[in-house]
Amino acid sequence: VIRKLESVQVLRGLAALGVVTFHLTAVDEKFTGGALLPGCAGLGQCGVDLFFVISGFVMTLITSDHWGELKSAHFLLRRVSRIFPVYWFYSLVTLCAILAFPGHISATQQDKLGFVNIFNSFFLIPSETVYLVIVAWSLMFEVYFYILFSGLIRFPKKKLCFFVASWAGLLVAFNAFFPLPDNDFLQLLVHPYSLEFLSGIGCGLLYK
């Protein structure tokens with residue numbers, strides 16, 4: 001099992017490198033006119049999709065032997081405690097940087113800075129404005145996945161598989177026939193990113 005999981009760590013590393021490369025394309029374009037990175041560097045954004053799949057896989061792997069027995073609050077607390085302390089630290093650093101050096105910060109962040117934006121940023125609440133840490137939108141989806149998964153693990157394995165399959169089917173049907181709603185909360189509920197998390201759960205079930 002350890003050797004198998006090492007391959008997941010490699011995938012995590014590749015996903016992280018892909019995301020970093022994708023963000024470097026903007027820097028490359030600004031300062032060199034796109035002379036350094038190849039055109040395919042933009043594909044690095046797929047690293048986020050890979051992260052979501054891995055998340056579903058790992059969540060399934062660490063809980064599947066105890067489905068129907070785990071307490072949702074305990075599971076959720078453990079996951080959230082691994083994200084928020086570090087995230088709050090970097091959000092606070094970013095907020096201090098915006099206040100101290102406004103001329104060096106993205107105009108988008110400056111224009112939208114306010115109590116609501118700061119509150120939404122710190123607690124990863126869906127918002128039409130960017131977060132203090134702009135890339136934290138992916139963490140918003142992760143926390144959403146954790147909340148839903150914390151409810152699913154209360155069911156025995158057979159029922160959980162049914163709920164996961166039904167959830168995936170509804171998402172596919174909605175996204176096939178309807179556009180994403182304008183409301184940020186509704187968009188989170190029906191966004192196709194959830195299908196990547198669900199596919200990770202499916203991979204975890206097959207692995208087990």
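The values are calculated or read from the model by the stated rules, or taken from the named source; none is laboratory data. What you see is a predicted model, and the numbers here were worked out from it, not measured in a lab. Note that each Cβ is placed from the backbone with ideal geometry, even for glycine, and that neighbours are counted across all protein chains shown. Surface areas here come from the heavy atoms of the whole protein model, side chains and all, with no ligands, DNA or RNA. Shrake-Rupley method; radii C 1.70, N 1.55, O 1.52, S 1.80 Å.
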Gyration tensor on Cα atoms of segment 51-92, a ≥ b ≥ c root eigenvalues, a/c under 1.5 rounded, else prolate if a/b beats b/c, else oblate, says oblate
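Kirkwood hydrodynamic radius of the chain from all distinct Cα pairs, in Å?
About 19.0 Å for the chain.
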³J(HN,Hα) computed for each position of segment 186-194 - Karplus, 6.51 cos²θ - 1.76 cosθ + 1.60, integer Hz, glycine/proline x = 5, 5, 4, 5, 10, 5, x, 4, 4
Here the gain from full extension of residue 208 to residue 99, 0.36 nm per residue of separation minus their alpha-carbon distance, amounts to 34.3 nm
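Kindly identify segment 25-102 as rounded, prolate or oblate by the Cα gyration tensor criterion: order the square roots of the eigenvalues as a ≥ b ≥ c, call it rounded if a/c is under 1.5, otherwise compare a/b with b/c, prolate if a/b is larger, else oblate.
On the way: a/c = 6.69, a/b = 1.56, b/c = 4.27.
It is oblate, given that a/c is not under 1.5 and a/b is not larger than b/c.
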Keeping every protein chain in place, order 62, 201 by accessible area at 1.4 Å, biggest value first, i.e. largest first.
-> 62, 201
Across 136, 15, 73, the residue with the highest GNM fluctuation in the chain (Cα network, 10 Å cutoff) is 73
Viscosity 0.890 mPa s, 25 °C: Kirkwood-radius Stokes-Einstein D of segment 155-207 over Cα pairs, µm²/s = 206 µm²/s
Calculate how steeply helix 2-32 sits against the longest principal axis of the alpha-carbon atoms of the chain, using the helix alpha-carbon long axis, and give the answer as 0 to 90 degrees to the nearest 10.
-> 20 degrees
Please work out the FRET efficiency for the pair residue 86 and residue 147, using the Cβ-Cβ distance as r and a Förster radius of 22 Å; give the result to the nearest 0.05.
-> 0.70
So, in nm, how far is label residue 137 from label residue 45 when the simple model puts each one 7 Å beyond its Cα toward the Cβ?
-> 0.8 nm
MRE, 222 nm, helices only [DSSP H, n ≥ 4, -39500 (n - 2.57), over the chain, to nearest 500] = -24500 deg cm²/dmol
Dimensions of segment 124-197 along principal axes (Cα, Å, largest first)?
-> 41, 28, 17
Once the Cβ-Cβ distance between residue 158 and residue 24 is put in as r, and R0 is 45 Å, what FRET efficiency do you end up with, to the nearest 0.05?
-> 0.45
Compute the separation of the alpha-carbon centres of segment 111-184 and segment 27-103 and state it in Å as a whole number.
-> 14 Å
FRET efficiency for residue 36 and residue 16, Cβ-Cβ distance as r, R0 = 22 Å, nearest 0.05?
-> 0.65
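So between residue 128 and residue 184, what do we pick up on full extension, going 0.36 nm a residue minus the alpha carbon distance?
Contour length minus the Cα-Cα distance gives 19.5 nm.
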